[in-house]
Amino acid sequence: MVGERSSLQSGTEIMAFTIRGAVIAVSLALLATVASQLFYIGVVAELDDGTFLRKVTWTTEMAMFSLVAIAALPLASRSTVPLVWAAIAISGIMNVIQVGIGLAEFGPAREAADEAVFQSVLGGAFFLYFHAKALIGMAAIGLGLSALAHGTLGKVLGGLSILAGAAAAVLNLLAMANGMEVMFPAGASGTAATALFALTALLVVKGEAG
């Protein structure tokens, strides 16, 4: 009985929520999505038939974005920068949906007799993609401002996060309005903002309690 109670207590401690642990989990998951997106662009997109790798990459991204949403949600109420983490949580949810569209709907839509069917599904997925990137951009601005108080490294990372976040927010808002015309700069700026946000979060997490 004592052993069972001790085991249960240890399990509870492992699963206990801490701000530091949640920030680290979100940051590492975001960096993993950056790596997967670079892998997709550099490897999968160049293959004549990368169906299997495409599914593996997108499924991995779905899992990472799910972790981002789950870990960021409690941070939205317990962190000192709740709006930043609320934006990250929503961006995670948007990304899960857009990846799901790619996995579940791209194949059948491509087989439709009317090409407009696939273009409509593709456009909807990218709208959510751009929306998520814009939210990450705005979160990077907010966290970057907070990081400016964390010494020289904080000023450097914070400044870069603010710049990348502003570019991502503006370009992805334009992409939502204009479709695929600015897809590459919007996506690139969003990816840069994601990486800088994650690195900045790992720096400022030491200032969070809990």
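The values are calculated or read from the model by the stated rules, or taken from the named source; none is laboratory data. Values in this document were obtained by computation on a predicted structure and should not be read as measured data. Heavy atoms of the whole protein, side chains included, go into the accessibility calculation; ligands, DNA and RNA do not. Shrake-Rupley method; radii C 1.70, N 1.55, O 1.52, S 1.80 Å.
Structure notes:
- The lone exception for Thr80 - which of (1) polar (S, T, N, Q); (2) over 18 Å from the mean Cα position of the chain (by Cα); (3) in a helix (DSSP H, G or I) it fails: (3)
- Filtered residue count, region 151-175, keeping only those that are among the aliphatic types (A, V, I, L, M) and over 21 Å from Ile41 (Cα atoms): 11
- Gly3 vs. criteria modelled with pLDDT of 90 or more and among the small types (Gly, Ala, Ser): no
- Reported count of residues in region 55-65, each being of a type in the set (D, E, K, R) and open to solvent by 60 Å² or more (accessible area, probe 1.4 Å), is 1.
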